[in-house]
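The values are calculated or read from the model by the stated rules, or taken from the named source; none is laboratory data. No experiment lies behind these values; they were computed from the predicted model shown. Cβ sites come from the backbone with ideal geometry, for glycine too, and all protein chains shown count toward neighbours.
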Ligand SMILES: Cc1cc2nc3c(=O)[nH]c(=O)nc-3n(C[C@H](O)[C@H](O)[C@H](O)COP(=O)(O)O)c2cc1C
């Protein structure tokens, strides 16, 4: 009984949040006005499924997935790009700097039904710097343009 009493405020708060989420009336806000940022080792498919229990009204991003991981994954691209239909609207974030490879990734993403493809030009980690992608690309705007052009031509 004592424990139940202790849990009550938390439970009530959680129930109120869920009620607000599910009872929210359409309010003219476009579905993609709010998004949850891509986060490595966080926004995986399990996290995104959980996020969808909270709201349908936000665009979700995958973690950044490297071009080679998409193209060379030993289990095939289906595994690494796998997601549940309920996760839409879902954006695939790619890491990489090779226009041709990124274009192939974009084609796979389109075939898999992703709503958008996004190129990471912001990750500053040292591992990413070694691979010359992510934030490094800010210093190579022409390369970014080539990558974007190549992806746009492909899908
Ligand atoms: C743990 C963690 C992982 C992240 N991974 C990525 C990533 O894979 N791709 C990316 O574009 N940004 C990544 N970011 C940056 C976030 O997407 C976001 O831009 C940053 O946290 C700033 O968010 P804010 O503007 O809401 O404060 C990551 C951030 C965190 C904290």
For this session: Could you tell me whether residue 45 is more than 16 Å from the ligand (Cβ to nearest atom) and either modelled with pLDDT under 70 or within 13 Å of the chain's Cα centre (by Cα) (or both)?
Result: no
Exercise. Is the range 70-89 home to any residue that is in contact (Cβ under 8 Å) with a residue 40 or more places away in the chain, more than 14 Å from the ligand (Cβ to nearest atom) and under 19 Å from the mean Cα position of the chain (by Cα)?
Worked result: yes
Problem set entry | Cβ-Cβ under 6 Å pairs, at least 6 apart or on other chains, the range 109-134 side without any contact (Cβ under 8 Å) to a residue 12 or more places away in the chain, far side away from the ligand (no atom under 13 Å from the Cβ) | 129/136
Exercise. Does the range 94-114 contain at least one residue that is within 12 Å of the ligand (Cβ to nearest atom), surrounded by fewer than 19 Cβ atoms within 10 Å (Cβ to Cβ) and closer than 22 Å to residue 44 by Cα?
Worked result: no
Exercise. Limited to the range 115-150, what total is found for residues that are surrounded by 14 or more Cβ atoms within 10 Å (Cβ to Cβ), more than 16 Å from the ligand (Cβ to nearest atom) and not in a loop (DSSP other than H, G, I, E, B)?
Worked result: 3
